[in-house]
Each structure stands twice: as C-alpha cells, then as structure tokens.
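Trainee: Starting off with a structure, shown below.
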Amino acid sequence: MVEPVLSVADLSVRIAGLHILQGVSFEVAPTGVTVLLGRNGVGKTTTLRAIVGLTPRGGEVRGSVRMGARSLLARPTHRLVRDGLGYVPEDRCVFAALTVAENLRLAERRGVTPAYDKVFALFPELERRGRQRAGSLSGGQQQMLAIGRVLLNDNRLLLVDEPTKGLAPKVVTEVAEVLERVAESVPVLLVEQNLAVVRRLATDAVVLSAGKVAWTGDAQELLLETALTKSLLGVGSAEVHS
Amino acid sequence: MTEVKSAEAPAPPAAVPDELTPGRARWHGLRPYLPLVALVVAAILPYSTLHLPGIFEGPLNSPGTLQLLAICLVFGGLAAGYDLLFGRTGMLSFGHALYFAAGVYGTDILVTKAGLPLWQAGVLTVIGGTTLAALLGAVALRTVGIAFAMVTLAFAQVGAILVARDFGGLTGGEEGLPLDVSGLPSALVGVTNTVNLYWLALAYLAIVVLVVHRVSGSPTGRVLAGLRDDERRIGVLGLDPYRFKLVAFTLAGGLASAGGVVYVLIVGGASPHITSSELTLSLLVMVVLGGPGTRWGPVLGGVLYMYLDHRLTAFGSSEAVNSLPAFLSHPLSQPLFVLGTVFILAVYFFPGGLASLRSRLAPLLTAIRRSR
Amino acid sequence: MNTVVLLTLTGLGLAALYFLVASGLSLVFGLADVLNFAHGLFLGVGAYATWWASGNLPGAGPDGFGFVLAVVFGVLAGSLVAVLVELVLIRPLYSRTIEQVLVTVGLSLAGVALLQATWGADPRPFPRPDWSRGVTSVLGAQVPNAGLLLIVAAAVVLGALLAFLRWTRYGLIIRAGVENREMVTALGIDVRKAFTLVFAIGGAAAALAGALGGVYFGTVSPGQGGSLLIFAFIVVVIGGMGSVVGSAYAAVAVGLLQQFVNYYGTSGLGDLCVVGLLAVVLLLRPQGLAGKVAHA
Amino acid sequence: ATACGSPQDTASGGGDAAPVKVGLVYSQSGPLASYGKQYIEGFKAGLDFATKGTGKVGDRTIEVSEADDAGDPAKAVSAAKDLIGKGTKIIAGSTSSGVALQVAPIAAQNKVLFISGPAATDAVTGANKYTFRSGRQSWQDVVTARSFIGDAAGKKVVVFAQDGAFGDANEAAVKAVIGGAGANVSSVRAPASATEFTPFASQIKAAKPDLLFVAWAGTTAGAMWQTLDQQGVLASTTVVTGLDIRASWPTFGAAGSKISFLSHYFDGASDTEAAKAAKAKVPGGTLDLFHPDGFAAAQMVVRAVQEGGDDVEKMVKALEGWEFEGVKGTMKIRAEDHALLQPMYQAKLSGSGTTFTATAQKSLTGDESAPPVAQMKG
Amino acid sequence: MLATRGLTWRIGEVAIVDSVYLDLAPGEFLGVIGPNGAGKTSLFNLITGLRRPTEGTVLLDGADITALPPHRRARLGLGRTFQASSVFGSLSVRENVRLAVQAHRGGSMKLWRRAAADREVAAAADAALDRVGLHHRGTAPAGTLAHGEKRKLEIALLLAGEPRVMLLDEPMAGVSAEDVPELVSVIKSLTGDSGRAVLMVEHHMDVILELADRIAVMHHGALLACDTPDTVMANATVQEAYLGEAL
Ligand SMILES: Nc1ncnc2c1ncn2[C@@H]1O[C@H](COP(=O)(O)OP(=O)(O)OP(=O)(O)O)[C@@H](O)[C@H]1O
Ligand SMILES: Nc1ncnc2c1ncn2[C@@H]1O[C@H](COP(=O)(O)OP(=O)(O)OP(=O)(O)O)[C@@H](O)[C@H]1O
Ligand SMILES: [Mg+2]
Ligand SMILES: [Mg+2]
C-alpha cells in the first residue's frame, strides 16, 4: 500500500461535554478523493475541523492526526494551512463584506505566486465578478469562491466540507466537475451527502456512525452494495438506489 | 462569529452557589454555624487590644483601626450585594455606584438639609434608592450584554453630573456635604464611639450576606442562577427573565443604598468620589478578586480591596518604600499603581478569586499531609 | 450666524478629538473583542512622550519640523506601549474575554498612577507651535487653529484608516477578521499578528489624540485620557462597535450636540444630552448605528 | 500583647514633658499632591521658625505625624479618627475643601483643635469653635478682585465659574462684594469637566462686561484661558482671576500677560522676616502659593501649645484674636469666626515659554480684604 | 391544537422560514426533517416566541399567540428542548428540574423562602427525574453530565412543565448509538398519555420513522411536504432535497 497523505488514529473529540467523535481512525490516500460519509450530525464536520485545528473553544481533542511524518494536532491552524492543508468549510464562510477580489487576495501568501490563472480557468465567473461583494453572490458562486481561494496556493491535501449543500442541481454538477479536475493534482478528503456526487468523484470511502468509523474501503464498492449503504447511511438514501 | 457582538454578555465565570449544592458530609453538622461564629468573633473584636504591627496602625480597639475596619466591612457588604448582580445573575452593570451614592447623598441631604431624624432619613433613602434602581433597571434591562453595561454606566454618569452640578446647593458639588451630626444619636458621634459605627457596619454586612444567602437559596435565587446559565431557557420554562432580572437589580440597588446610609455615618459626609464610575469598577475588582458567585469571596474581596486602598497610602509613604531607588519608590507610593498591579496579577494567577484558593491549595495540602 | 459657524467648527474639533480616541477603541473591540479600559493610558503615553521628546529628543521641539518629530515620537511610543500590552497582557488570555477586560481595568488604574508618579499630578504646559494658539477667521467666526488641526488630523486619520482597511493586505485581514476570525486562520493567516497590529494602530491613534489633545488643551496631565475615555466609549457604542465610519458619525453627533446644548441650554446639559443620546440609541438599536462591520 | 480592653478607649494626652502630638492630614498623593507638598514644606519651615530651630515648645517636643488623604475625605476622616484615638489634640492639613469640611465636624465632636490648610472654601470659617484656618478663603480673593475696578457702581461684572460648590461660592461672593458695591453681576457657568470652551467664551463676549471674574481650578484651565484669549475676551475687558501655583504659570501662555491677577501668595510678594526664614528653609529656595499656609499653621500650633499645653479649650482661647507676623505680613485670627485676616495681592505675570515672573502691583491689608463675619455654627 | 399560518421570518431579503402552514392535532407526533440550515430550529424559535415572525401567525388552541413572549407561551403549555443542550450547567440535576417544576407552578417570586424546603416541588421534580431515569445523578452539576444524560435531563425539564405541546429539537443529536433506544423509549412514553402533541426535529431517519405519525419536510425555509412517513419517503422532491439525489 502506498503511504497515505493523512492518517487519523483514534481521534476523539468532546465539545461542551458531548462526546462527538469516539475514537475515529482512517487514512487518506495520496491520490483521488476520499469521501467521508455518514448521517447528519455524526461528526463529519467535527472531524474535518479537528484536523485543521478549528475545534471550538472549550473543545477537547485526543488521538493523533499525521500528515506524512508530521503530527498536526496542537499546531496552530494557520501553520497547517501554510504547510499545504487546504480547507473549504461547510458553510462556505466567504467574507460577506469583502469583494470577490478581496476574498481571493486574502488567500494570497507572501513569497508565493498565486495561481490566479488556474482559478479563473476553473471559475471564470470569479474573474468577472471581482468587484462584487461576496455577500451578494448566489450560494453556488459563493461555493466557487470558497474553493477558488483555497486553490490559489499549492496544497498537499484539500479538506472540503459538503461543497454541494444547498446548491441547485446544475451548480452541483459544475462543482463536481471542478472537484474532479482539482483531484487530478491534489488528494481530497470530501464530506458529501449527495450520493450522485460521491459516485462520480469518490475513490475511497469512510463511513462514520455514532462517532465511530463504521466502514472503510472502496467507494464504488460501497455504493454497489445496497444493503450496506442502507444500513450505514440510513434508510432513505438506500431506498434512493434500490 | 458573525453575530452582533453587543448581544453577547461576557459571562462571569460560573460557580456553583454553595446553597444549591450539597456540602460535604463531614461539614454538614458544623457548617451552618460557621458564619455565626465568625459574626460573634467579629462582634467581640473591639474588646481586644491585640496589636498587629504593620497590619493596623494601632491596637484592634483603637478608633483608627475600628474606623478602617468599618469601612472595609461596608464595602464587603457592597461587594456581596453587587455580586448578586454580577456573580449570581450574570449581569454586568457598570453603574452600581449610583445606588450607593443615592444612599450616601440621600441620607446626608435628608439629615443635613431637611433636618429629618436619622431613622426617617435612612428609611426614606433606602426606599428612594430601591425605587430608583427599579425605575432605571426597568429601562436598562431592555438591553443585554455590553449594551446593558453601557446604559447603566450612562445612568451612573448622569448621577455623577447631577452631584457635581450641585443643584440648589444640595450636594455641595466637588466639596461634598459634611453630615450634620447635631440631630444624630450621640452614640454614633465622636471618635470614642467609633466602635458603634463598627458594629453598625458589621450589622450591615451580616444583613447583606444573610439577604444574599437567603435570596440565592430561595426559589427566586434558583431562577437567578438559571438566568446566569441560560436566559433563553428560563423564558421557555415559562418564567419572565426580565422580571427576575429586575428584581435582582432592584434588590441589589436597595442593598447598595442601605450601604450608603451606613457609610455616610461612618465617614461623616458625602463626597463626589463615590459617584464615579471608578467605584463601580472597583466593585467589579473586589468581586473578581474574591470570587464571583461564592458566598464569602465577594465579602473578602471587598474587605481586602478597601483595606489595601486605605493602607497603601501609608505603605506608599513608609520608610521602606522611600528608601528604594526612585524608579521603584515613585510608582510604589501611588496606591492605585499597587492596587492595579495586584489586580492584574490576581486575574492571572487566581482566576477564581480568593474563594478558589482553598480548592487550589487542596492538592498541595493533601500532598503535605501524605508526606508526613 | 457666526455663532453657529463657530459652534459648529469647534464642535467638530471636539468631535475630531473623540474620534481619534474612539477609532482605535472601536477597531480593537471589533477584531479582538476587548473592551479596552487601558486606552486612556495609551493616550497619556502619547501625550507625555510628545511632551518629553520636545524637551529632550535632539531635533525635536515645539515648532515646525521639531514639533512633527516630537509628535511622531509620541505616536510611536503610544503604539509601542499598546503592542507591549497586547503581547504581554492580552495575548496570554486569548479567548478569555472577561479576563481581558479586567486586565485592562487594572492597567488603567495602574497606568495613570504610574504617569502621575513619574510626572506629577499637575498639568504641564504642552510644547506647541505658535500658530496653534492663534485663530482663523471663518465667516466671521474666530475658530481656534488647534481645533482646525484636530479636524484635519481626524480627517486624515479617518482617510488613512479607511485606505489602510481597504487597500492594504493587513486592512483586508482586519476587515475579514472582524467578520469571521476563525475563517481567516483557515486561510493560513496568523490572526494574532493582526490583533497586535490593531492594538498598535489603536495605540497610535490614541497617542496622536493625546499629542494633539495636548496642543488643544495647552497642557498635559495624567488624568486627561480618563476623562476623554468616557466620551470615547459613548461614541464607540453609539457608532456600533468595530465600525470606524460609525465612530466618525457618532463622534460628530456627540461633539455637535455637546457644543450646541452647552451654548443654548444651561451648563452641564450638554453632557446629559450625550448620555441621553446613548441610552436612546441603545434602546432602539442595541447594536449601535452601524452594526458590526469594519467598514471601508 | 493580647489583652482585653474596652472598645471605647482612647489614649490620653500624657504628662508635662511628654511630646506634643500634632497630626497632619493632607494630600501626599492624588490630584492635589503638589499643594500638599508646599504645605508640608511651609509647615516644617514654620515650625523651625516658631520654635527657633529647636522643634520644642518649652521642654516639650512637637511630634508631627503625617497621614495621606489622597484627596479623599473618607481617608482623611479615617486618618483623623486614628490620630485622635492615639491622643492627638491638634490636627492640621486638609489640602482640599472637601476634606476640610468633613474633618472640621470630627474636630468639634472630639474637642480637638483643627487648623485647616490650603482649602479655600468659605464654609470652614465659622464651622465650629475648634476649627481654624491657616490659609485664605474665596471671599478674600473676591474682595481683592473688586479692587481692580475702583468704583463698582453701574459697572457690568460677569463671573465665569465652574459648576459646583467652588463656583457657587465665588459667584455668591462676587454678587455680595462687587454687586453689593453697586455693580450689575451676572454669571456664566460651565461644567468642571468641559473640554471645549468656545460656547462659554461666546456667551461672555456677548455680555460685554466691564470686568470678568474667572473662578476656575483644574487641569483644563490652560484650554479655558486659550479660548478666552482667542475669542478676544481678554482683549476686550478687564479679566481678573486668582494666581495659581508657579508650575501652572506657563499654562496661561500668551494669555498670562493680559490677565489681572489677584494673588494669595507668590515668591517675592512679601519681604517679611518670616518670608526670609521660609525661603531659606524651603527646598529650592523659592516660595509658592501654599507655603505660607503651612508656615502659618506651624506658627498657630506653637502658639496653641505654648498657651494651652494639653488643654484644647485654652488653645482655642489663645488663638482667637491672636495677631502674628506670618510670611505674608500681619495676620490676624478673628475671634468671632476664626477667619484669618491677611494681606492679599494684585499681581501681573510677564515672560514667555516656561519662564514667567509675577510682580506685585498692590497689596491689600488684612482688614481691607476681610470677609464678613460668619455665624459660628457649633 | 397548534397551528401556524403563513409563518415567515426574513433576515434582510432572505426568508429563513418561508410561509409555513402547519397543523398539529392533540396526541399527534409530527416529525420534522430537512437539510441543515433548512430553518427547522428557526421554525421552533418562531413557535416558542424566541424570534418574532415577519409575517404570519401562531395559533394555540385556536388563539393567536404570535405576540406573546416566550414565557407566556410556556405557561399556555408550550414546551421545548434545544438542539444544543441547554441545561443550567452550574446547578445540580435535581435543581434543574426543580426550577422547571417551580416555573410551571408559578409562585417563583419568593425571596425569603428556602427553595429546598418545598416538598411538593421536590416530589414533582423527583418524579420527572425518575421518568427519564436520571434519579441517581440528582446531585451532579448538570454541566458535568454526559451528553446522553443531558438530553434526558432536557426531557425531564420539559416534563416538569407538563406541556401539552412539546417541541423537540434533535433530541438524538450527539447521543451515542447504544443510548438511542433508551431515549427513544422515553420519548415514546411521553406521547402515550393525555393527548400530548409532539413536534420533533431529527436527522436520525429510523427514529423519525419509528415515532412519527406524520413527517414534515423543510427545505430552504419552506414546507416541501407534510404527510404520512411512507408518502413522504416516496416523494421525489423530498428525496432530492434531503435524502440525496438519485443518479
Ligand atoms: N460547538 C458545538 N457545540 C455543541 N455541539 C456541537 C458543536 N458542534 C457540533 N456539535 C454537535 O456535534 C455533532 C456532530 O456535528 P457535525 O457538525 O460534526 O456533524 P456532521 O456530521 O457534519 O453533520 P451534517 O451532515 O449535519 O453537517 C452534532 O450533534 C452537533 O450538534
Ligand atoms: N439570527 C440569525 N441571523 C442570521 N441567520 C440566521 C439566524 N438564525 C438562523 N439563521 C440562518 O437561517 C438558516 C436556518 O437555520 P436553522 O438553525 O433554522 O436551521 P436548521 O434547519 O435547524 O438546521 P440544522 O439541522 O443544522 O440544525 C441557516 O442558514 C442559518 O444560518
Ligand atoms: Mg457537517
Ligand atoms: Mg437546527
């Protein structure tokens, strides 16, 4: 087996007394998209935030998270990000009062040439709307901005949290295409509820349930096994594929 | 992160009120009597001629010492009353000095200018101070968090301006208003009677502690503790948070104005110092120094703060300080410098205040005990 | 007519002073969530450092370039102290907001006492250029030059702050940080540096207010910062915490209100009106005039 | 030393050769610390002068203990009670009026002698039988101010004063003294916390007074004068105010030379024996506003001990009506209300930058500047 | 029993809750599902009065309660739990429930009575604790409880108020798998008695399916569907909006 780009071992998170993650272990392959699945509220977002060090104050994180030889826990978020861990948060979190161009400019780093060509090639919209306030963008455009600003720098791993949430089907397809192209050069750890997107992108899958890892393996395999999907992801989603 | 900051009250560090958690079994029998014992000890203190050099100027029964102690006790009571707002209900008021000042000036004016007998003046003042707190509280409590702090600060500022304006020569402006003692009971007048003032202050402190204790152990106190933890929840349980906060605010205001009545007798007059926002800030300092939401913390904090405030002037001009090099002796001779520094250090090193010392020292004590 | 002009311009002068104090306070609150009671100390440091420099610093003096040099020195000293305060006292208490506020309370007590211990309680004459003592005739009104200087300085500071916030990278970080601090770190930016910077800017603006306040009052004394601070707080709260533009509007409102009421009403009424304005604004709009966004 | 005592004990005075305890309660820190400093320097010089360098009255040493009130009456009261409790029969000091007013009743209640210091409030005069003063009072300032306009009849006089008791007292005094002499007195008041004085300057200017009397104390004085100057008030009328301590002179700036000053004291205002002695003794060799107050206080203390020993009633008798040569010249303690009649001065300020000098224009004798007799209250 | 008529809440231009019509019959259990941010919690906030709607009304037993503050609604029998547990962390578990009982019985404004001495309140509180099986934790400060226990405590607080309409906001969130069945049975036991109506938001579909008589689906603030579980699960729009898009 190839060396994983990220390995999470026995990750445990408590927030305000809630034991949200109860010993989560999985690895992210150095190529392709690893998708993190699970029902609402199982702790997918919590996992990503723990990895980038954004557990809310008062939260307690245990276990180990390593990228190569390096341990990530206890290092400040901004260092992790500078070392090549890109993070696209769940609610996009674009800066509403700033323009699109300013949102992008914020992600630039000293001494690194920002890859505007790449980003504008992926999202021509962003170039056109450079002077618009990010708060007035549509949800899909905001999502593009949130992904775009992370892509300005080279990353060793991208963490993307529900990029298609609340987006119109057409936009979902666009975002999926973008992620597909991104994944050609960078490994991605993706949280996604939309199984169509998962089917299209995912190479590996990790399924969380009740704060623990319930299943890991090949994503396409998972999606083929209806019974498994049903038991892991809930009745509804399984029915969709029956 | 994106919500409006002003709506966020900087919640005081929560602590479990003693009354509402069961004490440890070992103490169960004794504990209720400890305050009583402390009260009795404090009451007979003036009969002792014990001399504590460096701590007090004279023996315990000397008027100077008793006067200092009386002031400390009043502020212990004030801090305990303020804690009803800050530590127990979670309201950060920056205008508590106003109700204290209302007590001081109210009594002074009624006695000195209107010639009322002391007991009438005192009763009227406490009623007036309580009403004032109720009225202003009714307005200020429409806001929460920092906005509430600022509105109360603003009201207190109005009080300060009115006192400084000296309308009709009532307040004496910046010169203050000495209390006319001719109508006062003779037991409260004169240096030899300082001990009576001490007992008065002790009685005030005892009453405040009793009131705060009873109220926090009462059904209302339970609601106040709930308000501190989660105000929204209280509303959803079917209780009107506004009403309860107003009750706490009014009660604290009333206690503060009663403190003012006692203070004016001890000091023998009113001066505009007590209307300043600095006084409220120092109340906050006292409570934090002592430990918010605990029964004895604020009292200790208040006593200690006032003690330092008075004694540091003597410390500043002492030989020990003067013999230091100038860059040390100059700042050290400023009481506020020392007080501010002590406070900053306290915030750093005793986050739970004096009241937390016991629990912080507990591991140390057990370690010592074990090693024997 | 010329009374109105005079009152307006001097009121604006006062507003300018309030704004200089409030702008830093507001930025610090917006980004770092610290209600900074020690802001008056920064002001005092700026004033005393300017005063000291013009007597002791080679090249500095009360006139012309020497004066500029003295003010620059004062501003630098103010921001240096602010940075030290942030690094030594505020940063270790990161995210413990109430403790941070308490520390600044302690600092405001100790700091003023320290100034007093060092330079005494009496007001000292402030070195200032001769022209600043004069007046300029505007539409028949004799407007003090020091007031005009304050207005110009406040306008420059407002412009500079807005330009800084809008055009520079750190301005961008601060604006973004006021909105969502966490997301800024998630873009690989050390937001703590921005905190320090905001303290530095706040300290510099306060120190400038101290230095120019010295010119305006003609004297410098340890308590000056404290008395301005109450009004600055009122301005910050009315303007909406974190908003520089909001502070500017609020400062103008407070300055003019005070000036006009003091002239047409009875003495002391001006201050009462300002307090009343605060209460009314907060009761109607608890978040202040301009919500919480670092406007650029 | 554990023992039981009565809670009402106070130490007693002590025998013949025992030292005489004198307590000085004044501002060593706080906003009036520099007034306090002059006072104590003056006191030490005065004690030296009055005891001829021995520090003793007869065979009894004067034992001075000092306490800091930081300008806060509450602290002053505590200190006074402490001193009285330790058997002190003479208390002096009180830099601020607030302190003086609250310590005076304590003195009366406990029958000790109280000699108020720089506090200028008129209310100390006649406060009670045990209270004296070693400095001047506001009224004497105002009487001195009147001397600037000659015949007051029909003149228009404006008082510009800060809100509060100090302003009230000055306004009342001007109305009585100058208004009583036939002038038409009106007033402009400003909050003591004001930082911008243009509205008030405009009001004053609009009133077109023949004489403007300014009663302003505090750190904003510099700004106030500058504004009056800029708005042309100083140029258009005679402006009178009290001359503050030396350190404040430069804060008048250019306005200084346009103001007519009434003065309680400044270096060079008098050339008495006491002034020479004081000058020789005071650190720096330059006298200032409140040195005479401390000096006089010491003279009064010595007199009281000489004549009264440990008997406060005798001390009071000895001081009432006593006339003595102080730093300012002939001073007299008026028996009826304990007002201290003393010379007052008219002065001019000249110079620029940080070096100013005051020169006396005229001096008024104690009788000329005497305040009206106050009713003794207690 | 409980009804909303065109309930709408806008922030600026965005409708967070968009013209919602709901009817809840006595004894009915209505599940509410919908993607994150659909406005479920906001809907609860509007119903309980923590937020004021921009348009529309809330009716309880046919009476318009839209203008009433939260505590008045609670007194009329409207109780709720919160998505993020909101118990009084510094009070003991028993005190938490006693506070709720006391709130329900009125007469809380007693300043001098010893709260602990009120037997009736204590008895009612203990009964509620028994019911959720938290009796043994009575003296623990609520802040120190494990999450599942907090959830139970929330329900005890709710029970103490004897509400006629209960709104449960994700009661299973953060509860570990082992604890779910127990909590489900507690909730189930609530609905059995006295014609009490329940409105419950939950992401655990199996729980919803086990408990709910009807399911309402929210999406972008609007009600997509409100019908029997089977019908809802078969609804194509619902599948797309919430359950996941078919390929
Ligand atoms: N700051 C917090 N305080 C309290 N509880 C929290 C906090 N953050 C998350 N939780 C709880 O932790 C659990 C897991 O949340 P998380 O957001 O990680 O879920 P998720 O798997 O991303 O769900 P979704 O599909 O809804 O995005 C939820 O029950 C949530 O309520
Ligand atoms: N006070 C507010 N200000 C601005 N936006 C808000 C506010 N309250 C809620 N929202 C927004 O309204 C939307 C609906 O939020 P709500 O909490 O009702 O969702 P929900 O359906 O309960 O989601 P979840 O399943 O994650 O709990 C979200 O996009 C949220 O960000
Ligand atoms: Mg998520
Ligand atoms: Mg919700």
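Trainee: Can you name the number of the only condition in (1) assigned to a helix (DSSP H, G or I); (2) more than 28 Å from C:G13 (Cβ to Cβ); (3) open to solvent by 10 Å² or more (accessible area, probe 1.4 Å) that C:G59 fails?
Mentor: Result: C:G59 fails condition (1) only.
Trainee: Still on this structure: One residue is enough: does region E:39-50 have a residue meeting the conditions within 16 Å of ligand 3 (Cβ to nearest atom) and assigned by TED's automatic domain parsing to the domain that holds E:T237?
Mentor: Yes, there is a match, as at least one residue in region E:39-50 is within 16 Å of ligand 3 (Cβ to nearest atom) and assigned by TED's automatic domain parsing to the domain that holds E:T237.
Trainee: A follow-up question, please. How many residues does region C:24-56 contain that are modelled with pLDDT under 90, closer than 26 Å to C:E99 by Cα and among the small types (G, A, S)?
Mentor: 6
Trainee: What about C:Q287, is it within 14 Å of chain D (Cβ to nearest Cβ) and either assigned to a loop (DSSP other than H, G, I, E, B) or at pLDDT 85 or above (or both)?
Mentor: no
Trainee: Among D:K81, D:K111, which is the only one that is surrounded by fewer than 24 Cβ atoms within 10 Å (Cβ to Cβ) and either within 19 Å of D:A304 (Cβ to Cβ) or not aromatic (F, W, Y) (or both)?
Mentor: From the options D:K81, D:K111, the qualifying one is D:K111.
Trainee: May I pose another question? Is it true that some residue in region E:45-64 is β-branched (V, I, T) and within 16 Å of ligand 4 (Cβ to nearest atom)?
Mentor: Yes, region E:45-64 has at least one match.
Trainee: When you look at A:A101, is it within 14 Å of chain C (Cβ to nearest Cβ), away from ligand 2 (no atom under 16 Å from the Cβ) and either among the hydrophobic types (A, V, I, L, M, F, W, C) or over 22 Å from A:T34 (Cα atoms) (or both), yes or no?
Mentor: Yes.
Trainee: Regarding region C:154-162, can at least one residue be identified that is open to solvent by 30 Å² or more (accessible area, probe 1.4 Å) and closer than 30 Å to A:G58 by Cβ?
Mentor: no
Trainee: Among helices (runs of 4 or more DSSP H) lying entirely in region D:169-243, which contain 3 or more residues that are in contact with a Phe, Trp or Tyr (Cβ under 6 Å, 6 or more places away or on another chain)?
Mentor: Answer list for region D:169-243: D:221-230.
Trainee: Further, regarding this structure: Among (1) within 16 Å of ligand 1 (Cβ to nearest atom); (2) at pLDDT below 85, there is one condition E:M1 misses while meeting the rest; what is its number?
Mentor: Condition not satisfied by E:M1: (1).
Trainee: Further question on the same structure: Considering only residues that are open to solvent by 30 Å² or more (accessible area, probe 1.4 Å) and within 12 Å of ligand 2 (Cβ to nearest atom), which ones fall in region E:14-47?
Mentor: Across region E:14-47, the qualifying residues are E:V14, E:I16, E:D18, E:N36, E:G37, E:T41.
Trainee: Also, quick follow-up: So which residues in region C:219-244 are more than 9 Å from every other protein chain (Cβ to nearest Cβ) and polar (S, T, N, Q), if there are any at all?
Mentor: Scanning region C:219-244 gives a single hit, C:S243.
Trainee: Follow-up. Which of the residues that make up region D:9-28 are at pLDDT 80 or above and in a loop (DSSP other than H, G, I, E, B)?
Mentor: Listed by number, the residues that qualify are D:A18, D:P19, D:S27, D:Q28.
Trainee: Does C:L257 meet the test of being within 25 Å of C:A146 (Cβ to Cβ), more than 18 Å from the chain's Cα centre (by Cα) and at pLDDT 85 or above?
Mentor: It is true that C:L257 is within 25 Å of C:A146 (Cβ to Cβ), more than 18 Å from the chain's Cα centre (by Cα) and at pLDDT 85 or above.
Trainee: Any idea which of (1) open to solvent by 50 Å² or more (accessible area, probe 1.4 Å); (2) more than 9 Å from every other protein chain (Cβ to nearest Cβ); (3) of a type in the set (D, E, K, R); (4) within 16 Å of ligand 1 (Cβ to nearest atom) is the one A:R57 doesn't satisfy?
Mentor: (2)
Trainee: Out of all the residues in region A:136-154, is one or more within 16 Å of ligand 3 (Cβ to nearest atom), charged (D, E, K, R) and either open to solvent by 40 Å² or more (accessible area, probe 1.4 Å) or within 11 Å of chain C (Cβ to nearest Cβ) (or both)?
Mentor: No, because not a single residue in region A:136-154 is within 16 Å of ligand 3 (Cβ to nearest atom), charged (D, E, K, R) and either open to solvent by 40 Å² or more (accessible area, probe 1.4 Å) or within 11 Å of chain C (Cβ to nearest Cβ) (or both).
Trainee: Of the numbered conditions (1) small (G, A, S); (2) surrounded by fewer than 22 Cβ atoms within 10 Å (Cβ to Cβ); (3) touching a helix residue (DSSP H, G or I) at 6+ places or on another chain (Cβ under 6 Å), B:A97 fails exactly one; give the number of that condition.
Mentor: (2)
Trainee: State all residues of region A:46-60 that are more than 11 Å from A:L85 (Cβ to Cβ) and not in a loop (DSSP other than H, G, I, E, B); if no residue qualifies, say none.
Mentor: A:T46, A:T47, A:R49, A:A50, A:E60 - these are the residues of region A:46-60 that are more than 11 Å from A:L85 (Cβ to Cβ) and not in a loop (DSSP other than H, G, I, E, B).
Trainee: Additional query: Please go through (1) away from ligand 2 (no atom under 16 Å from the Cβ); (2) crowded, with 23+ Cβ neighbours inside 10 Å; (3) within 11 Å of chain B (Cβ to nearest Cβ); (4) not hydroxyl-bearing (S, T, Y) for E:P70 and return the number of the only condition it doesn't satisfy.
Mentor: Evaluating E:P70 over (1) away from ligand 2 (no atom under 16 Å from the Cβ); (2) crowded, with 23+ Cβ neighbours inside 10 Å; (3) within 11 Å of chain B (Cβ to nearest Cβ); (4) not hydroxyl-bearing (S, T, Y) leaves (1) as the failure.
Trainee: Further question on the same structure: Which number in (1) within 16 Å of ligand 4 (Cβ to nearest atom); (2) in contact with a Leu (Cβ under 6 Å, 6 or more places away or on another chain); (3) not hydroxyl-bearing (S, T, Y) marks the one condition that A:E162 misses?
Mentor: (2)
Trainee: Here's something else I'd like to know. Name every residue in region A:79-103 that is among the aliphatic types (A, V, I, L, M), in a helix (DSSP H, G or I) and more than 19 Å from A:L157 (Cα to Cα), in order of residue number.
Mentor: Answer for region A:79-103, where residues must be among the aliphatic types (A, V, I, L, M), in a helix (DSSP H, G or I) and more than 19 Å from A:L157 (Cα to Cα): A:V100, A:A101.
Trainee: If you check D:G218, D:G164, which single one turns out to be at positive phi, surrounded by 22 or more Cβ atoms within 10 Å (Cβ to Cβ), within 14 Å of chain B (Cβ to nearest Cβ) and not hydroxyl-bearing (S, T, Y)?
Mentor: Only one candidate passes the filter, namely D:G164.
Trainee: Out of (1) more than 16 Å from ligand 2 (Cβ to nearest atom); (2) touching a helix residue (DSSP H, G or I) at 6+ places or on another chain (Cβ under 8 Å); (3) open to solvent by 30 Å² or more (accessible area, probe 1.4 Å), what's the single condition that is false for A:L37?
Mentor: (3)
Trainee: Residues in region D:46-82 that are in contact (Cβ under 8 Å) with a residue 40 or more places away in the chain and either hydrophobic (A, V, I, L, M, F, W, C) or within 14 Å of chain B (Cβ to nearest Cβ) (or both): how many?
Mentor: 17
Trainee: Suppose we filter A:T164, A:T77 for residues that are open to solvent by less than 20 Å² (accessible area, probe 1.4 Å), within 16 Å of ligand 2 (Cβ to nearest atom) and either free of Cβ contacts under 8 Å to residues at least 60 places away in the same chain or within 14 Å of chain C (Cβ to nearest Cβ) (or both); which single one remains?
Mentor: A:T164
Trainee: May I ask you to list the residues in region D:320-355 that are under 18 Å from D:D367 (Cα atoms) and among the hydrophobic types (A, V, I, L, M, F, W, C)?
Mentor: Residues satisfying the conditions are D:W322, D:F324, D:V327, D:M331, D:I333, D:A335, D:A339, D:L340, D:L341, D:M344.
The values are calculated or read from the model by the stated rules, or taken from the named source; none is laboratory data. Since this is a predicted model, take the numbers as computed values, not measurements. Neighbour counts are summed over all protein chains in view; Cβ atoms, including those assigned to glycine, are modelled from backbone coordinates with ideal geometry. Keep in mind that these areas ignore ligands, DNA and RNA; they rest on the heavy atoms of the full protein, side chains included. Shrake-Rupley method; radii C 1.70, N 1.55, O 1.52, S 1.80 Å.
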